[in-house]
Amino acid sequence: MKLRNMKVAEIISALQNLSPELLQESYDNAGLIVGDPKSEVSGALVCLDSTEDVVQEAIEKKCNLIIAHHPIIFGGLTSLTGKNHVERTVMLAIKHDIAIYAAHTNLDNVQEGVNRKIGNLLGVQNMQILDPKKNLLRKLVTFVPVAHAETIRSALFNAGAGHIGQYDQCSFNTSGEGSFRGGEETKPFVGVRGETHFEKEIRIETIFESFRQGSVIAALLNAHPYEEVAYDIYPLENEHPGIGAGMFGELPEAIDFRTFVAQVKKTFGSGAIKSTTPRSDKVKKVAWCGGAGSFLIKKAIASEADVYITGDIKYHEFFDADGQIAILDIGHYESEQFTMDLIAEKLKEKFPKFAVHLTKVKTNPVIYY
Ligand SMILES: [Zn+2]
């Protein structure tokens, strides 16, 4: 098969479809970190951490784009002299015209992201987000002439509005009468300039995610026949069931705790698993969060899970299990490593003729003796 080159921006756009950059946490630095979005790339190398060795591998494999989970630059860089591994990695990438992109907490926070991948490997069913995000949903209310209601609804739905759980095209429509009077410079779609006009209209209400506001409003303005489009945007308090941190679900059958831990150790290739005392001999309900997940211990307990699988638990945080859950620290790298497959699979699916490689470098800085 003849492979084709692509623009960095095209790859980013596909990754943004999976996990919009706007969904990253405030402390994060996901996105394009090194490189020009307009530049052409002949291949991408996917990794968890963009290290110097990974950049070296990209040079050898002629990949001029590295897609990592962890951003190489987190704090501000004040110089580029090569005095530490971050500076050296960035300098090496720039020197060889290699772009570096990171999909980090935005990929943690989406339904089809890091944690779904982990859940599939655990064999868990009925997966739900452990800590759904608030302040992500908005309501759009607009007023449209009756004959245009269907066109405008479709335009809004096509722009991503109207999703509630497993349902799409959700809206509420009420009939009423709008009034308006056009000023001197106007060309009213209906009615006469300077005269009060009453028009039978439909009030369309629908819901959308805040990061889609630009495209939703653009679609509305494009589809609506009026010169001045009346619309209201309301912030909503509702949680977004499909976006947030961590996940929980159930194993098809309850299994013995020790058997479960052994399975997890094997699946994730952990050198050692640290665990608190299990609350029972059996495991049925499981909660997990790829990476450093101590911030979700309380949520994991509230989900009534038997175990909480994550990484980077500190000594004092293990006490927070409090006999109510078994906290399993399987290692940060170990918990997130399959994120690489997730990114590569999505890109190959979208661009079958573009070269996507998984790094051969094991970037885990931790060794178990
Ligand atoms: Zn991580």
Which of GLY113, GLY183, GLY31 fluctuates most in a GNM of the chain (C-alpha springs under 10 Å)? That residue is GLY183
Give the average over all directions of the projected area of the C-alpha convex hull of the range 119-261, one decimal, in nm². 11.1 nm²
Across the range 71-87, in residue order, what do the Karplus-derived ³J(HN,Hα) couplings come to in whole Hz, using 6.51 cos²θ - 1.76 cosθ + 1.60 with θ = phi - 60° and x for Gly and Pro? x, 5, 9, 10, x, x, 8, 9, 7, 10, 10, x, 7, 9, 5, 5, 4
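Could you tell me whether the range 220-369 comes out rounded, prolate or oblate from its Cα gyration tensor? Rule is a ≥ b ≥ c as square roots of the eigenvalues, rounded for a/c under 1.5, then prolate if a/b exceeds b/c, otherwise oblate. Intermediate values should be presented prior to the final figure.
Values: a/c = 2.55, a/b = 1.49, b/c = 1.70.
Judged from the Cα gyration tensor, the range 220-369 comes out oblate (a/c at least 1.5, b/c at or above a/b).
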DSSP-loop trypsin sites (Lys or Arg not before Pro) across the range 273-369, with at most 14 other Cβ within 10 angstrom: LYS314, LYS353, LYS360, LYS362
222 nm mean residue ellipticity, helices alone, for the chain (DSSP H n ≥ 4; -39,500 (n - 2.57); rounded to 500): -8000 deg cm²/dmol
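Relative contact order of the range 1-51: what whole-number percent is it, with Cα pairs under 8 angstrom and at least 6 residues apart? Spell out each step's value before the answer.
Values: 24 pairs, mean separation 29.8, N = 51.
Contact order relative to length: 58 percent.
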Restricting attention to the range 25-124, which trypsin sites (Lys or Arg not before Pro) occupy a DSSP loop and are surrounded by at most 16 other Cβ atoms within 10 Å? LYS38, LYS61, LYS62, LYS83
Please work out the average accessible area per residue across the chain, using the 1.4 Å probe convention, and give it in Å². 52 Å²
LYS282 versus LYS83, label points 7 Å from Cα toward the beta carbon: distance in nm? 6.0 nm
Could you check which residue among VAL307, VAL114, VAL192 shows the biggest mean-square fluctuation in a GNM of the chain with a 10 Å Cα cutoff? VAL192
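Run the numbers on the range 85-234 and let me know its relative contact order in percent, using alpha-carbon pairs under 8 Å that are six or more apart. Intermediate results must be reported in sequence, preceding the final value.
On the way: 190 pairs, mean separation 43.3, N = 150.
About 29 percent, as a whole number.
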What are the aspartates and glutamates whose alpha-carbon lies under 19 Å from the alpha-carbon of LYS38, with same-chain residues fewer than 8 places away excluded? GLU10, GLU21, ASP97
For ILE164, residues with placed amide H under 5 Å, excluding near neighbours: CYS170
Sequence-distant or interchain residues sharing an amide H contact under 5 Å with GLY43, placed H: which? ASN64, LEU65
Tabulate in residue order the Karplus-calculated ³J(HN,Hα) for the range 357-369, using 6.51 cos²θ - 1.76 cosθ + 1.60 with θ = phi - 60°, rounded to whole Hz; enter x for Gly and Pro. 10, 9, 5, 9, 7, 8, 7, 4, x, 9, 10, 9, 10
Partners for LYS266 among aspartates and glutamates (Cα-Cα distance below 13 Å; same-chain residues under 8 apart left out): GLU334
If amide H atoms are modeled at 1.01 Å from N in the peptide plane, then the residues at a separation of 5 or more from GLY293, or on another chain, having amide H under 5 Å from its own are GLY311
Counting only backbone N atoms under 12 Å from a point 7 Å out along Cα-to-Cβ of GLN166, the residues of the range 105-134 in range are 126-127
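What FRET efficiency comes out for ALA302 versus LYS274 if R0 is 22 angstrom and r is the Cβ-Cβ distance? Round to the nearest 0.05.
On the way: r = 22 Å, r/R0 = 1.01.
FRET efficiency, ALA302 to LYS274: 0.50.
Can you flag which of LYS274/LYS346; LYS285/LYS350; LYS139/LYS353; LYS83/LYS360; LYS7/LYS265; LYS134/LYS282 are past 30 Å Cα-Cα?
Numbers: LYS274/LYS346 32 Å; LYS285/LYS350 34 Å; LYS139/LYS353 40 Å; LYS83/LYS360 26 Å; LYS7/LYS265 39 Å; LYS134/LYS282 33 Å.
Cα-Cα > 30 Å for LYS274/LYS346; LYS285/LYS350; LYS139/LYS353; LYS7/LYS265; LYS134/LYS282; rest within.
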Determine the gain in length on full extension of the stretch SER175-SER39; use 0.36 nm per residue of separation and subtract their C-alpha separation, reporting nm with one decimal. 43.9 nm
For the range 131-144, in order, what is each residue's ³J(HN,Hα) by Karplus, 6.51 cos²θ - 1.76 cosθ + 1.60 with θ = phi - 60°, in whole Hz (x at glycine and Pro)? 10, x, 7, 9, 6, 10, 9, 9, 10, 10, 10, 9, 10, 9
Most fluctuating residue given options ASP28, ASP168, ASP329, as computed from a GNM of the chain linking Cα atoms under 10 Å: ASP168
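The values are calculated or read from the model by the stated rules, or taken from the named source; none is laboratory data. What you see is a predicted model, and the numbers here were worked out from it, not measured in a lab. Cβ atoms come from the backbone with ideal geometry, glycine included; neighbour counts cover every protein chain shown. Heavy atoms of the whole protein, side chains included, go into the accessibility calculation; ligands, DNA and RNA do not. Shrake-Rupley method; radii C 1.70, N 1.55, O 1.52, S 1.80 Å.
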